[in-house]
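The values are calculated or read from the model by the stated rules, or taken from the named source; none is laboratory data. Bear in mind the structure is a predicted one, so any value in this text is a computation, not a measurement. Note that we place each Cβ from the backbone using ideal geometry, even for glycine, and neighbour counts take in every protein chain shown.
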Amino acid sequence: MQSYPLVERPLLSRSPLIRRLFRSEDGATAVEYGLILALVVLALLVGVTTLSGQVKATWNNIATKVGSTI
């Protein structure tokens, strides 16, 4: 018969599955890639927002010049 200690072991030492999950670095890598992706998307949004005003002004200038020559 197995004897049980009076003090319970911590949750991490009881379950091999939980120990494996906490030791695994796959989740940390996924989080890092997610953060990098979020920064790239943010940079693209800032770039597109900044350039959109300039592109719109350029096309309006071209449309004005083409309209005045007709």
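Being β-branched (Val, Ile, Thr), exposed (fewer than 10 other Cβ atoms within 10 Å of the Cβ) and at pLDDT below 95 is a property that ILE18 lacks. LEU39 passes every criterion in (1) touching a Leu at 6+ places or on another chain (Cβ under 7 Å); (2) at pLDDT 90 or above apart from (1).
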